[in-house]
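In what follows, a single structure is set out as structure tokens and then discussed.
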Amino acid sequence: MKFYFFLLILIITHTSILAQDSIATHEKLNNKFNEVIESSNRYQEYRVIEIDKINKLKKEVTTTVEEQDIEINNLNKRIEDQVIQIQELNDQMEASKIDIAALEKGQDSMELLGIQLEKSMYNIILWSIIGILTLLLISFIYKFKNSNTLTSTAQEQLAQIEEEYENYRRNALEKEQRLNRQLLDAKKANK
């Protein structure tokens, strides 16, 4: 769209320049024709123009037409060059747009384990992993505390049982010693 707009402006500009040049040339030629006609002799209702003047006018007209043709060709060549330049600029602009789109896509995506992901998907995966690891950590902490509580309860119960066993053993030893003394006393008394 911009290409056609620019081309239209270019053509209008060159046309107006050509029109101004052609108007000046047209007036110059018109003046020459008028000059030749005015300087010609009259014969009845005709005008007789000298061959030198008509040849000179012909030469000027031919020269002017050739100059105009050369200028038209130059301007056409210039327009073609500018059209080519515009096309090259449009191609560069399209390539730049593609590069910009690729850069924007690169900014909006990340690579995770060799897979290209959008940032939103990457964030979802990342926070899911963090959430799962947090839940596992909480679960392990709970199990550790629960196991620690069970272990300390079991150690307390073991300490109580060992204390009861120690008391029972002591009482049994004292009882055995008492019975052994009584047995020895009874043996000594029977002798």
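The values are calculated or read from the model by the stated rules, or taken from the named source; none is laboratory data. Treat the numbers as computed from the prediction; the structure is a model and nothing was measured. Every residue, glycine among them, receives a Cβ derived from its backbone with ideal geometry; neighbour counts consider all protein chains shown.
Any residue at all in the stretch 106-113 that is charged (D, E, K, R) and touching a Leu at 6+ places or on another chain (Cβ under 9 Å)?
Yes: the stretch 106-113 contains one or more residues that are charged (D, E, K, R) and touching a Leu at 6+ places or on another chain (Cβ under 9 Å).
Quick one: how many residues across the stretch 87-111 are touching a residue at least 40 places away in the same chain (Cβ under 8 Å) and in contact with a helix residue (DSSP H, G or I) (Cβ under 7 Å, 6 or more places away or on another chain)?
1
Look at Gly114 and say whether it is of a type outside the set (Asp, Glu), free of Cβ contacts under 8 Å to residues at least 12 places away in the same chain and closer than 23 Å to Ala102 by Cα.
yes
Looking only at the stretch 6-33, count every residue that is modelled with pLDDT under 75, among the polar types (S, T, N, Q) and more than 30 Å from Gln85 (Cβ to Cβ) and tell me the total.
1
Name the single residue, out of those in the stretch 50-85 being surrounded by 13 or more Cβ atoms within 10 Å (Cβ to Cβ) and within 18 Å of Asn31 (Cα to Cα), that is nearest to the chain's Cα centre (by Cα).
Out of the qualifying residues, it is Gln68.
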